[in-house]
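One structure is given here, and the rest of the page talks about it.
The values are calculated or read from the model by the stated rules, or taken from the named source; none is laboratory data. Bear in mind that the values here come from a model prediction, so they are computed numbers and not experimental data. A quick note on method: Cβ atoms are made from the backbone with ideal geometry, for glycine too, and the neighbour counts reach across all protein chains shown.
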Amino acid sequence: IFADVALAPRDPILGLTEAFNADTRANKVNLGVGVYYDDEGKLPLLKAVRAAEEARMKNPPARGYQPIEGSVVYDQAVQALLFGHDTQLLRDKRVITAQAIGGTGALKIGADYLKRLVPNATVYISDPSWENHRALFEAAEFPVKTYTYYDASTRGVNFAGMLADLNAMPKDSIVLLHACCHNPTGADLSNEQWDQVIDVIRAKGLIAFLDMAYQGFAEGIQPDAIVLDKFAHSGLQFLVSSSFSKSFSLYGERVGALSIVTESSDESARVLSQLKRVIRTNYSNPPTHGAAVVAAVLTSPELRVMWEHELAEMRERIRAMRIALVEKLKAKGVKQDFSFVIQQRGMFSYTGLTADQVDVLRDKYGIYAVSTGRICLAALNNKNIDAVADAIAAVVA
Ligand code: LMR
């Protein structure tokens with residue numbers, strides 16, 4: 001049965017980590033995958049996470065099955081983080097949340113569920129988008145098209161083009177939107193632009209699916225969720241995938257959630273019952289540990305403060321690396337203006353480096369980046385930034 005199986009290509013992002021791990025050069029740098037490393041180049045275990053784990057291990061709980069949608073405490077903590085503690089929306093029980101296997105798992109169960117609801121819909125993702133978005137929705141058997149998003153000439157959003165594309169979509173099309181820290185470009189919509197997007201989504205009867213993988217990495221927990229607040233107040237129904245991989249540095253625990261905003265508590269009950277069937281046939285019910293740790297941190301006033309502080313440190317260090325990289329490139333005599341790197345938000349910079357330049361960075365300098373020119377600023381530190389700036393200066397010269 002396997003004789004004719006073709007060798008699949010490496011994943012465009014995680015495949016880079018495989019190649020990086022196999023690279024024996026001592027001063028290699030992985031700017032490919034979106035992972036935050038501290039200034040020592042180490043993957044941090046957050047103090048708030050450690051404290052929650054220690055408390056948990058003092059009195060280790062037995063590991064029964066979780067409810068299909070995960071624990072109530074976790075799901076409510078996710079809702080509070082996304083939608084605030086006391087909005088009418090939560091009081092009206094218009095939001096259902098299911099723990100998911102990371103943000104990717106949330107997108108997957110959302111995609112599978114939407115396939116049951118709107119089987120003939122087309123999914124639209126931004127041009128460009130996170131590499132896995134297309135693959136995920138195609139795996140759920142949706143046709144996937146793109147809408148205009150990034151404008152390489154301004155390094156910003158081609159908003160007129162985006163609105164025109166949204167306006168041309170057929171009713172019930174699914175529109176995948178990045179709630180903040182657009183991956184890969186780092187170019188986000190302004191609040192006024194979000195208002196216009198919401199108006200078109202309502203007027204055209206489109207289905208919004210918001211991907212929130214980087215809450216807290218642009219300006220902070222609350223400001224980064226402003227778009228969710230806007231959607232919540234619009235009266236629309238929509239989906240949100242969210243992740244704690246980056247904000248809790250819990251990548252390998254795969255802690256995420258799918259939230260769906262409905263019209264009423266009655267609708268919520270029916271939607272959740274159907275979503276549970278999707279989950280049950282995918283992986284039955286979610287794992288315990290990571291979500292328990294996140295829930296413990298989010299519901300403990302002390303640990304919550306500790307976590308928000310650590311998240312701010314990550315955000316500020318990335319920002320410092322953006323500024324340092326731009327300054328160093330300038331100091332090295334690079335003519336091209338890289339100041340746009342400072343405006344971009346989140347972990348990434350869409351550098352404008354070509355696939356050929358990215359190949360040279362890897363082959364000659366041991367610096368790994370995504371072939372689209374996306375680099376992860378969160379992997380820069382004071383030890384490797386000079387080498388990276390030197391290499392970029394050399395390839396753009
Ligand atoms: C990324 O874009 O690098 C991250 O979201 C990691 C991943 O799963 O691709």
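What's the number of the condition V294 fails, among (1) buried (at least 20 other Cβ atoms within 10 Å of the Cβ); (2) in the same structural domain as A77 (by TED's automatic domain parsing); (3) out of contact with any Asp or Glu (no Cβ under 7 Å at 6 or more places or on another chain)?
(2)
Return the only residue of D266, D224, D211 being touching a helix residue (DSSP H, G or I) at 6+ places or on another chain (Cβ under 8 Å) and among the acidic types (D, E).
Checking each option against the conditions leaves just D211.
Report yes if K47 is surrounded by 15 or more Cβ atoms within 10 Å (Cβ to Cβ), away from the ligand (no atom under 13 Å from the Cβ), touching a residue at least 12 places away in the same chain (Cβ under 8 Å) and basic (K, R), otherwise no.
No, not satisfied.
Among the residues of segment 23-37, is there at least one that is touching a residue at least 12 places away in the same chain (Cβ under 8 Å), within 16 Å of the ligand (Cβ to nearest atom), among the aromatic types (F, W, Y) and in a loop (DSSP other than H, G, I, E, B)?
There is at least one residue in segment 23-37 that is touching a residue at least 12 places away in the same chain (Cβ under 8 Å), within 16 Å of the ligand (Cβ to nearest atom), among the aromatic types (F, W, Y) and in a loop (DSSP other than H, G, I, E, B).
For the subset of segment 1-22 comprising residues that are under 19 Å from the mean Cα position of the chain (by Cα) and outside any helix (DSSP H, G or I), which member is nearest to the ligand (Cβ to nearest atom)?
I13
Restricting the search to segment 201-232, which residues are under 16 Å from V261 (Cβ atoms), surrounded by fewer than 22 Cβ atoms within 10 Å (Cβ to Cβ) and acidic (D, E)?
Of everything in segment 201-232, just one residue is under 16 Å from V261 (Cβ atoms), surrounded by fewer than 22 Cβ atoms within 10 Å (Cβ to Cβ) and acidic (D, E), namely D229.
Kindly evaluate A51 against the criterion of being modelled with pLDDT of 95 or more, farther than 26 Å from D188 by Cβ and in the same structural domain as W194 (by TED's automatic domain parsing).
no
Just checking: which of the strands (runs of 3 or more DSSP E) contained wholly in segment 41-155 hold 1 or more residues that are over 19 Å from the mean Cα position of the chain (by Cα)?
Passing ranges, in order: 95-101, 144-148.
Hey, which of the helices (runs of 4 or more DSSP H) in segment 284-374, taking only ones fully inside, have at least 2 residues that are within 19 Å of K246 (Cβ to Cβ) and β-branched (V, I, T)?
Correct list: 289-299.
Between a first residue in segment 339-352 that is assigned by TED's automatic domain parsing to the domain that holds P128 and within 19 Å of D224 (Cα to Cα) and a second residue that is away from the ligand (no atom under 14 Å from the Cβ) and at pLDDT below 95, which pairs have beta carbons less than 8 Å apart while being 6 or more apart in sequence or on different chains?
Partner pairs satisfying both residue conditions: none exist.
Within the set of pairs 6+ apart or on separate chains, which have a first residue in segment 367-389 that is over 20 Å from F217 (Cβ atoms) and within 16 Å of the ligand (Cβ to nearest atom), a second that is assigned to a helix (DSSP H, G or I) and not aliphatic (A, V, I, L, M), and C-beta atoms under 6 Å apart?
Here the result reads Y368/F20; Y368/R362, each pair linking segment 367-389 to a residue that is assigned to a helix (DSSP H, G or I) and not aliphatic (A, V, I, L, M).
Can you work out which of the residues in segment 203-235 that are outside any strand (DSSP E or B) and among the acidic types (D, E) is nearest to the chain's Cα centre (by Cα)?
Looking at the filtered set, the residue picked out is D224.
Out of all the residues in segment 139-155, which are surrounded by 18 or more Cβ atoms within 10 Å (Cβ to Cβ) and closer than 20 Å to I342 by Cβ?
Y150, R155
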